[in-house]
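Take a look at the structure set out below.
The values are calculated or read from the model by the stated rules, or taken from the named source; none is laboratory data. Being a predicted model, the structure only gives us computed values, none of them experimental. Quick reminder, even Gly has a Cβ in these numbers, built from the backbone with ideal geometry, and neighbours come from all protein chains shown.
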Amino acid sequence: MAYLTLDKVSAAYGATPVLQDIDLRVEKGEIVSLIGPSGSGKSTLLRVLVGLLRPQAGTISLAGERIDYASKAALRRARETFAIVFQQYNLFQNMTTLRNVTVAPTIVQKRPAAEVEAEARDLLTRVGLGEKFDAYPDQLSGGQQQRVAIARALALKPDILLLDEVTAALDPELVSEVLDAIRALAESGITMLIVSHEMGFVREVADRVVFMDAGRVVETGAPAEIFDRPQTLRAKEFTAKILRH
Amino acid sequence: MGGDAPQHAAAMSYTLQFGQVVGYIPDLLWGALISLELAFLGFVFGFGIGLFNASVLHFGRGWVTWPSKAYVVFFLNTPLLVQIFFIYFALPDFGITLTSWQAVVIGLALNAGAYLTEIQRAGFQSIHAAEIEAAETLGFTRIQTIQHVILPHICKVLFPPLSNQYIILTMTTSIAAIFGVEELTGRTYNANAITFRAFELFSIAAVIYIALTLIASALLVFVGRRLFRIDAKVF
Amino acid sequence: MWEQLAEEAPRFFGYYNMIFIAQAFGQTLALSVLGALAGFVLGAFLAVLRHPRLVPFAPGRWLAISYVEIFRRIPFLVKLMCVFFAYQLAGAKVSMFTVALTTVILSATAFAAEIVRAGLESVHRNQWDAAETMNFAPAQALRLVLLPQAWKIIIPPSFSYVIGFIKSTSIASQIGVLELTYAAKVLSTKGFSALLCYGTILILYFLICWPTKLLGAHLERRLGVSHTR
């Protein structure tokens with residue numbers, strides 16, 4: 001039984017369908033990467049998992065148990081399971097780096113403040129921001145803010161980490177520092193769902209790649225298979241375009 | 001006009017009786033037209049005053065701007081009612097005697113003029129040198145630059161705050177009632193003096209003001225959308 | 001005329017008149033400040049009620065919107081009259097000050113709701129997304145993330161808001177509240193020239209409003225660089 005299962009999940013923004021009949025399985029400790037052209041629904045899928053968009057059809061199950069996104073209690077539990085890092089980092093502008101990382105574990109999860117702070121300092125140091133505990137987000141570069149966002153997500157001790165195009169908004173020279181941080185995470189064994197355009201990185205880090213297009217899952221497989229030997233037409237077109245770079 | 005309502009009105013309007021006052025609604029509506037006229041006059045004159053002072057403040061330097069600054073600061077930081085009291089009661093000491101109507105219109109115009117000065121000044125300031133440079137490098141003459149670049153830009157920037165000010169002015173005209181002018185509020189007082197159905201009458205006046213301003217807002221939003229492609233909501 | 005003024009002025013600025021004006025000044029301040037404060041609290045409540053992510057309760061939203069639109073679109077004088085006669089209908093014997101204060105609060109609530117709403121809306125929805133996905137309760141998100149960021153947008157217009165009510169209270173003179181404008185009327189019926197009476201009162205209003213405006217402008221500049229913990 002897979003750890004996370006999506007079964008015929010569909011979602012829409014108003015009248016526009018954005019996800020159609022999504023089937024997906026993620027094993028514990030697996031790193032799955034979602035790739036595909038813009039508008040294919042990859043980010044939307046992550047937003048559905050974390051409860052920012054309600055699915056209209058299908059089931060999402062965690063360790064066999066179905067998540068009922070209509071129920072407040074179940075939604076809360078789902079948000080304890082998943083932690084998401086956004087493309088725009090979404091750090092709380094009115095708090096220091098340290099406070100950004102400690103606020104949710106302390107206030108929402110009600111864990112002891114001293115323990116949370118020690119852990120936060122450790123996490124921030126591990127992503128290379130040990131000097132920046134008291135800096136405010138507007139004093140940091142994009143890459144630094146994104147690493148804080150990653151530390152913040154990890155501080156919640158999630159079961160599954162969702163990364164939503166976390167390098168897409170960064171200047172090119174800042175991308176590698178974030179990818180390094182994620183690479184280190186990948187070693188730690190945490191289950192991750194990564195939406196990314198960085199194909200080289202995806203190839204290196206992902207256990208499995210899922211190619212999406214127009215709201216549907218088109219093809220899944222190991223990175224080598226998807227990039228070198230795509231089976232479907234759309235996947236072939238996509239990989240041809242990205243390889244041309 | 002104004003002051004306390006007769007005490008015996010309490011016993012008589014214990015049960016709301018809108019039936020009695022419905023007949024006065026046409027009269028009130030004619031009064032509303034007078035209110036609109038007052039707002040129009042106040043706005044037009046105020047706009048002119050505002051344009052003049054905004055120009056002085058934007059293009060002038062040093063002591064030339066002081067009178068305009070003083071005007072704006074004074075009229076924004078004192079109540080309209082007292083301004084009109086002064087115009088109506090104190091100016092005769094200087095030999096200037098005005099009718100109620102005149103005093104009210106002048107007061108409204110001067111008061112609105114201060115707000116309109118600030119609005120138009122912001123409009124002037126919103127023009128970026130970059131836009132004018134671009135127009136010049138494209139070969140526009142001075143006149144053409146004003147006509148095709150500056151004016152459309154200013155109109156778009158100014159339309160929302162000017163619309164808002166117009167709506168405010170429409171409501172502010174109710175102050176004319178205190179001076180005996182028979183606009184909407186004034187006629188409400190009159191009708192009350194006859195029927196003593198005060199709450200019903202003033203409620204109806206309130207509804208008419210709401211309707212007037214809602215219609216005006218909707219019209220202005222519509223015009224803004226059509227003429228200037230401004231995306232706004234009525235509420 | 002100037003000789004008349006020169007003759008009047010010492011009598012006008014005499015001890016008892018000054019006390020009288022000072023009391024009226026106090027009433028103006030009490031009405032506007034109390035009204036503005038109470039209105040701000042109630043208006044903030046309405047703004048929260050109206051926010052779709054804080055309180056996802058449609059009837060509450062519509063209530064808040066209706067209240068704001070209605071009470072922003074009625075002139076102060078008309079509201080004052082409605083409140084006056086409403087109290088009368090209810091058989092409540094209240095002071096004119098209470099009538100005026102009620103009117104100020106009803107109005108202030110509507111205007112404050114708009115100011116707070118603009119402040120809350122100015123916070124990028126990204127902040128919401130982050131707070132929501134981290135399981136912040138609405139009250140926690142409001143307290144920890146939204147309000148600290150919304151303050152900067154709320155403070156500057158708040159000063160114009162207060163000044164607006166200081167000026168509106170002049171209309172309370174119409175029901176006999178002993179504030180500054182009524183004091184001017186009383187003094188002028190006592191025989192002092194209109195110039196002196198209304199001129200002095202204009203200056204007094206100016207002395208309350210203008211420094212407040214300057215303070216607001218100063219705070220607005222300083223708010224460009226501010227952080228909360």
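The test for being of a type outside the set (S, T, N, Q), more than 15 Å from residue B:119 (Cβ to Cβ) and in contact with a Leu (Cβ under 7 Å, 6 or more places away or on another chain) does not hold for residue B:182. Of the residues making up the stretch B:87-107, those that are under 18 Å from residue B:174 (Cα atoms) and either more than 14 Å from chain C (Cβ to nearest Cβ) or surrounded by fewer than 24 Cβ atoms within 10 Å (Cβ to Cβ) (or both) are B:87, B:88, B:99, B:100, B:101, B:102, B:103, B:105, B:106. Here's a check for you: in the stretch C:183-224, which residue that is surrounded by fewer than 19 Cβ atoms within 10 Å (Cβ to Cβ) and among the polar types (S, T, N, Q) is nearest to the other protein chains (Cβ to nearest Cβ)? Filtering the stretch C:183-224 for residues that are surrounded by fewer than 19 Cβ atoms within 10 Å (Cβ to Cβ) and among the polar types (S, T, N, Q), the one nearest to the other protein chains (Cβ to nearest Cβ) comes out as C:212. Please work out if residue B:181 is within 14 Å of chain C (Cβ to nearest Cβ), not acidic (Asp, Glu) and not in a helix (DSSP H, G or I). The answer is yes for residue B:181.
Inclusion of residue B:56 among residues that are aliphatic (A, V, I, L, M) and more than 14 Å from every other protein chain (Cβ to nearest Cβ) is warranted.
For the stretch A:138-155, residues that are touching a residue at least 40 places away in the same chain (Cβ under 8 Å) and either surrounded by 21 or more Cβ atoms within 10 Å (Cβ to Cβ) or touching a Cys at 6+ places or on another chain (Cβ under 7 Å) (or both) total 10.
The residue that is farthest from residue C:218 (Cα to Cα), among those in the stretch C:165-182 that are of a type in the set (Gly, Ala, Ser) and crowded, with 18+ Cβ neighbours inside 10 Å, is C:173. Listed by first and then second residue, the pairs with beta-carbon distance under 7 Å, at least 6 apart or on different chains, first residue in the stretch A:50-68 and away from every other protein chain (no Cβ under 14 Å) and farther than 21 Å from residue C:130 by Cβ, second hydrophobic (A, V, I, L, M, F, W, C) and assigned to a loop (DSSP other than H, G, I, E, B), are A:60/A:67; A:61/A:67; A:64/A:1.
For residue B:208, are the conditions met, namely being on the phi < 0 side of the Ramachandran plot and touching a residue at least 24 places away in the same chain (Cβ under 8 Å)? Let's see the steps before the verdict.
Numbers: on the phi < 0 side of the Ramachandran plot: yes; touching a residue at least 24 places away in the same chain (Cβ under 8 Å): yes.
For residue B:208, the condition - on the phi < 0 side of the Ramachandran plot and touching a residue at least 24 places away in the same chain (Cβ under 8 Å) - is met.
When the residues of the stretch A:195-219 are filtered to those that are part of a strand (DSSP E or B) and of a type in the set (Asp, Glu), the one that is farthest from residue A:232 (Cα to Cα) is A:213. Criterion applied to B:150, B:143, B:154 was being more than 14 Å from every other protein chain (Cβ to nearest Cβ), part of a helix (DSSP H, G or I), exposed (fewer than 14 other Cβ atoms within 10 Å of the Cβ) and of a type in the set (A, V, I, L, M), and the one residue passing it is B:143. Within the stretch A:216-238, residues that are closer than 21 Å to residue A:25 by Cβ have Cβ atoms under 8 Å from residues that are hydroxyl-bearing (Ser, Thr, Tyr) in these pairs: A:218/A:232; A:219/A:232; A:223/A:33; A:226/A:220; A:226/A:239; A:227/A:239; A:230/A:239, counting only partners at least 6 apart in sequence or on another chain.
Within the stretch B:73-95, residues that are closer than 19 Å to residue C:32 by Cα reach partners that are crowded, with 22+ Cβ neighbours inside 10 Å and among the charged types (D, E, K, R) with beta carbons closer than 9 Å, at six or more positions or on different chains, in the pairs B:77/C:167; B:78/C:167; B:79/C:167; B:80/C:167; B:81/C:167; B:82/C:167. The listed residues are A:120, A:104, and the only one of them that is surrounded by 20 or more Cβ atoms within 10 Å (Cβ to Cβ), within 13 Å of chain C (Cβ to nearest Cβ) and of a type in the set (Gly, Ala, Ser) turns out to be A:104.
Determine whether residue B:145 is of a type in the set (Ser, Thr, Tyr) and over 30 Å from residue B:32 (Cα atoms).
yes
Checked across the stretch C:141-156, the condition of being under 19 Å from residue C:45 (Cα atoms), of a type in the set (Phe, Trp, Tyr) and surrounded by fewer than 22 Cβ atoms within 10 Å (Cβ to Cβ) holds for at least one residue.
Table: residues versus (1) at pLDDT 95 or above; (2) in contact with a helix residue (DSSP H, G or I) (Cβ under 8 Å, 6 or more places away or on another chain); (3) over 30 Å from residue C:129 (Cβ atoms); (4) not in a loop (DSSP other than H, G, I, E, B).
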| position | (1), (2), (3), (4) |
| --- | --- |
| C:9 | no, yes, yes, yes |
| C:16 | no, no, yes, yes |
| C:28 | yes, yes, yes, yes |
| C:34 | yes, yes, yes, yes |
| C:39 | yes, yes, yes, yes |
| C:43 | yes, yes, no, yes |
| C:59 | no, no, no, yes |
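Restricting attention to the stretch A:159-189, the residues that are surrounded by 18 or more Cβ atoms within 10 Å (Cβ to Cβ) and not in a helix (DSSP H, G or I) add up to 9. If you go through the stretch B:4-31 and pick out every residue that is modelled with pLDDT under 80 and either within 24 Å of residue B:176 (Cβ to Cβ) or loosely packed, with under 11 Cβ neighbours inside 10 Å (or both), you end up with 8. Has the stretch A:75-83 got at least one residue that is in a loop (DSSP other than H, G, I, E, B), of a type in the set (Ser, Thr, Tyr) and more than 8 Å from chain C (Cβ to nearest Cβ)? No, the stretch A:75-83 contains no residue that is in a loop (DSSP other than H, G, I, E, B), of a type in the set (Ser, Thr, Tyr) and more than 8 Å from chain C (Cβ to nearest Cβ).
No other residue among B:232, B:205 is at pLDDT 90 or above and of a type outside the set (Asp, Glu) apart from B:205.
For the stretch C:73-95, which positions are of a type in the set (D, E, K, R) and either free of Cβ contacts under 8 Å to residues at least 12 places away in the same chain or more than 8 Å from chain B (Cβ to nearest Cβ) (or both)? Quick ask: steps written out before the conclusion?
Looking only at the stretch C:73-95, we keep the residues that are of a type in the set (D, E, K, R), and these are C:73, C:79, C:93.
Across the stretch C:73-95, the qualifying residues are C:73, C:93.
Of the listed requirements (1) aliphatic (A, V, I, L, M); (2) part of a strand (DSSP E or B); (3) in contact with a Lys or Arg (Cβ under 6 Å, 6 or more places away or on another chain), residue A:101 misses just one: (2). Remark: pairs (first residue in the stretch A:87-107, on the phi < 0 side of the Ramachandran plot; second residue part of a loop (DSSP other than H, G, I, E, B) and small (Gly, Ala, Ser); Cβ separation under 6 Å; 6+ apart in sequence or on different chains) = A:87/A:168; A:87/A:169; A:88/A:169; A:97/A:135. All conditions but one from (1) in contact (Cβ under 8 Å) with a residue 24 or more places away in the chain; (2) under 18 Å from residue C:120 (Cα atoms) apply to residue C:61; the one that does not is (1). A single member of B:138, B:116, B:110 is surrounded by fewer than 20 Cβ atoms within 10 Å (Cβ to Cβ) and not charged (D, E, K, R), and it is B:138.
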